[in-house]
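The values are calculated or read from the model by the stated rules, or taken from the named source; none is laboratory data. Quantities reported herein were computed from a predicted structural model and do not represent experimental measurements. Every residue, glycine as well, gets a Cβ built from its backbone with ideal geometry; the counts of neighbours run over all protein chains shown. Surface areas here come from the heavy atoms of the whole protein model, side chains and all, with no ligands, DNA or RNA. Shrake-Rupley method; radii C 1.70, N 1.55, O 1.52, S 1.80 Å.
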Amino acid sequence: MISFKNVDKHYGSFHVLQNINLTIEQGEVVVVIGPSGSGKSTMLRCINRLETITSGSLSVGGVEVNDKKTDINRLRADIGMVFQHFNLYPHMKVIDNITLAPVKVLGKSKLEAVETAEFYLNKVGIGNKANAYPSELSGGQQQRVAIARGLAMKPKVMLFDEPTSALDPEMVGEVLDVMKTLAREGMTMVVVTHEMGFAREVADRVIFMDHGQIVEEAAPAEFFANPREERARTFLSRLL
Ligand code: ADP
Ligand code: MG
């Protein structure tokens, strides 16, 4: 579903991604961890071309992300993204936040888009908030709206960049529960997170990044019990 082959990226003279090789299968849940500044967000953002790679090859569903012939809007419609800071439109009701892209990008009728939006709002447990504005919701509820908005596009892949990092602790669980459900239902997911409990329970694979490189890649049970790399061991010991 997602394939990085010898991918490098520079910000000016700064080599932020260094020879990234990574293949993610359909239905796989990959958790990306690593110190701040190691390139996790950049790697995620390259997948939907919010950032462009400098060299190498990156494809999603067999489509080369950086090919001039690739219809980027169509590709992005297949890739849902959830950010740390929700990024909802503050002046729009929840329902309008969710129906906007299906109507504008997918050409759905308003009626169909509203039905789909209501389905996903129920799925994330806030079916009663359709007519609220984002500012009237808690952080956990806003993040669940953001997830529903992503799902309403019926994407092939969902990317999560520290989706619970901006939440009060009591709201982290409700967002992780939604993500666990998605994972169980077979969604292909790439999740940058510091929630090691989630990684242990849900991930098929854990990727540890440092200084723009994938330093270690393993099944969670193996990774947490016995990280091979010194940098991964140091990182984990600091989390405890
Ligand atoms: P992480 O998500 O792991 O914290 P990032 O991918 O956000 O790391 O950033 C990796 C490095 O690239 C950091 O040193 C950051 O300062 C730098 N960086 C991120 N975005 C830009 C940018 N647009 N221009 C220049 N440097 C950037
Ligand atoms: Mg980041």
Of the candidates Gly37, Gly107, the one satisfying the condition of being within 16 Å of ligand 1 (Cβ to nearest atom), in a loop (DSSP other than H, G, I, E, B), open to solvent by 10 Å² or more (accessible area, probe 1.4 Å) and at positive phi is Gly37
Consider Gly27 carefully, then state whether it is more than 22 Å from Arg231 (Cβ to Cβ), part of a loop (DSSP other than H, G, I, E, B) and either open to solvent by 10 Å² or more (accessible area, probe 1.4 Å) or away from ligand 2 (no atom under 11 Å from the Cβ) (or both). yes
A careful count of residues in the range 40-79 that are among the small types (Gly, Ala, Ser) and within 9 Å of ligand 1 (Cβ to nearest atom) gives 1
Residue within the range 69-82 that is open to solvent by 10 Å² or more (accessible area, probe 1.4 Å) and within 16 Å of ligand 2 (Cβ to nearest atom) present:
yes
Test for Val175: is it in contact with a Pro (Cβ under 9 Å, 6 or more places away or on another chain) and not in a loop (DSSP other than H, G, I, E, B)
yes
Among the residues of the range 155-175, the number that are over 11 Å from the mean Cα position of the chain (by Cα) and crowded, with 22+ Cβ neighbours inside 10 Å is 2
Of the conditions (1) open to solvent by 30 Å² or more (accessible area, probe 1.4 Å); (2) within 16 Å of the chain's Cα centre (by Cα), the single one that Ala152 does not satisfy is (1)
Scanning the range 140-170 for residues that are away from ligand 1 (no atom under 16 Å from the Cβ), among the aliphatic types (A, V, I, L, M) and not in a strand (DSSP E or B), the one nearest to Leu111 (Cα to Cα) turns out to be Ala152
